[in-house]
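Let me begin by presenting the structure, written as structure tokens, before commenting on it.
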Amino acid sequence: MTQKEGQSGRERREYLLNILKNRKEPVKAASLAKLTGVSRQVIVQDMALLRASEQPVIATPQGYLYFTDIRAKGMQRIIYSRHAPADTEKELNILVDHGVSVLDVGVEHSVYGKIFRPLKLKSRLDVKKFIAQMAENDAHLLSSLTGGLHLHTIEAATEEVLNEVCDALTHEGFLLDPKTI
């Protein structure tokens, strides 16, 4: 299904919003551009306008997503971690291997303040795609702003799972006690 020729920007954004609402997985800007017959940059601008109009559209490493309340699915915890960039994949795989979803990544910068970005990583495949996207774009991790220190909001079915994954991260030397930071 593609957009009708001659639709206005408002109509296109309504169409894009309907696509996102009906998909459970993120949709890449390039795919949306192809469906609507506009450039990827127009899609990026449309998504910014949708967010400005308070639509819950988020950009993830895997594409755009209509945000539904993911907080109600399980137990959540914010963890503080520090490691070298080369250990990013190892850290994320430890998390998802324990059945934990990595909802976001964030830093608390002395000048920029708090910066958080959604990740929504649930599997090794998600982690692999995230790492590949970072490499393809020659992108730097948010933690590069803070000497490797960063936060994750993680979610699991039980408190026990969260405790187990925190023990595993501590064993690797990644997890930090927020009181000592």
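Values in this text are rule-based calculations from the coordinates and carry no lab data. From a predicted model like this one, the values you see are computed outputs, not experimental measurements. So basically every Cβ, Gly included, is an ideal-geometry build from the backbone, and we count neighbours across all protein chains shown.
Of the chymotrypsin sites (Phe, Trp or Tyr not before Pro) found in the stretch 49-142, the ones in coil according to DSSP and having at most 15 other Cβ atoms within 10 Å of their Cβ are Phe67, Tyr112. With Rg and Dmax of the Cα atoms in Å in mind, check (i) 18.6, 69; (ii) 32.9, 104; (iii) 18.1, 59 and report the label derived from this structure. Looking at Rg and Dmax of the Cα atoms in Å for this model, the match is (iii). Temperature 37 °C, viscosity 0.692 mPa s: under these conditions the Stokes-Einstein estimate for the stretch 89-134, based on its Kirkwood radius over C-alpha pairs, is 291 µm² per second.
All C-alpha pair distances within the stretch 53-128, sorted into 5 Å bins from zero, spread as 3, 12, 21, 25, 22, 12, 4, 1 percent across the bins. Net charge dipole, the chain: roughly 820 debye, given to the nearest 20, about the Cα centre with Cβ charges of +1 for Lys and Arg and -1 for Asp and Glu.
Reported to the nearest whole Å, the Cα centre-to-centre distance from the stretch 154-169 to the stretch 16-48 is 35. Can you count the Lys pairs in the stretch 34-172 with C-alpha separation below 15 Å, eight or more apart or on different chains? Qualifying lysine pairs in the stretch 34-172: 7. Between Thr158, Pro26, Leu175, the Cα set farthest toward the positive side of the dipole of the chain (charges on each charged residue's Cβ, about the Cα centre) is that of Pro26. Summed over qualifying helices (DSSP H, 4 residues or more, each -39500 (n - 2.57)) and divided by its residue number, the chain shows a 222 nm mean residue ellipticity of -12000 deg cm²/dmol. Here Lys21 is the anchor, and the aspartates and glutamates within straight C-alpha reach of less than 20 Å, apart from those fewer than 8 places off in the same chain, are Glu11, Asp46, Glu54, Asp69. For the stretch 91-135, trypsin sites (Lys or Arg not before Pro) are listed when DSSP marks them as loop and at most 16 other Cβ atoms sit within 10 Å of their Cβ; the list is Lys122.
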